[in-house]
1. Sort 5, 84, 111, 133 so that the residue with the fewest other Cβ atoms within 10 Å of its own Cβ comes first and the one with the most comes last.
2. Considering only DSSP beta bridges with both partners in region 29-176, what is the antiparallel share in %, to the nearest 5?
3. Looking at the chain as a GNM with Cα springs under 10 Å, which of 101, 18, 152 has the largest mean-square fluctuation?
4. Which residue, 67, 102, 166, has the most motion in a Gaussian network model of the chain that connects Cα atoms within less than 10 Å?
5. Suppose we look only past 11 Å in the calculated P(r) of region 1-40. What percent of the Cα-Cα pairs does that tail hold?
6. For helix 145-154, what angle does its Cα long axis make with the longest principal axis of the chain, in degrees from 0 to 90 and rounded to 10?
7. Please report the projected area of region 29-176's Cα convex hull averaged over all directions, in nm².
8. So how tilted is helix 162-176 from the main axis of the chain? Cα-based, degrees 0 to 90, rounded to 10.
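Coordinate-derived values only; no laboratory data. Here the structure is a predicted model, which is why all the values come from computation and not from measurement. So basically every Cβ, Gly included, is an ideal-geometry build from the backbone, and we count neighbours across all protein chains shown.
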């Protein structure tokens, strides 16, 4: 059996080596959740924020870690999605539907991400994240979303490819996961 060597340990990540493989391990037990959120007016919610790892502004769907708040290690993806959606966008969902989960980058990390779909959005505040975040909320017409994302890419934004999976789930989720 190959031993695992801890190369570095941080608050949320651990860098490991097993055999010839080096990879990052999430230290929170629940992974992450990505929220596909569409308003009743047909507008998709995206968030913009600076991401130090890529040294760029990014466009993403609302998302966050599961079980990262003290005392909530057993938090579900649905509860994390409710919390993150409200915190980042200012919207509360009447219902959150679990879609699927899988690795975010299976060659680099053990992180598992869950996709959920938020239904019945009600605006409660402007959003923007918590005190450690500087998030700008974008509401983009569903029909314009792919073109809008490509325009942001041409402007130099880092576009999370998982956004296109989220758009696919909006179009096909009703039948795909039944």
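1. Going from sparsest to densest Cβ surroundings: 5, 133, 111, 84.
2. Details: 26 of 34 bridges.
Within region 29-176, antiparallel bridges account for around 75 percent of the total.
3. With Cα springs under 10 Å in the chain, the top fluctuation among 101, 18, 152 is at 18.
4. Comparing 67, 102, 166 in the GNM, the peak value goes to 102.
5. Values: 540 of 780 pairs.
The share of Cα pairs beyond 11 Å in region 1-40 comes to 69 percent.
6. Helix 145-154 sits at roughly 60 degrees to that axis.
7. Values: hull surface 36.1 nm².
Spelled out: convex hull of the Cα atoms, projected over all directions, averaged, 9.0 nm².
8. That helix lies at roughly 70 degrees to the long axis.
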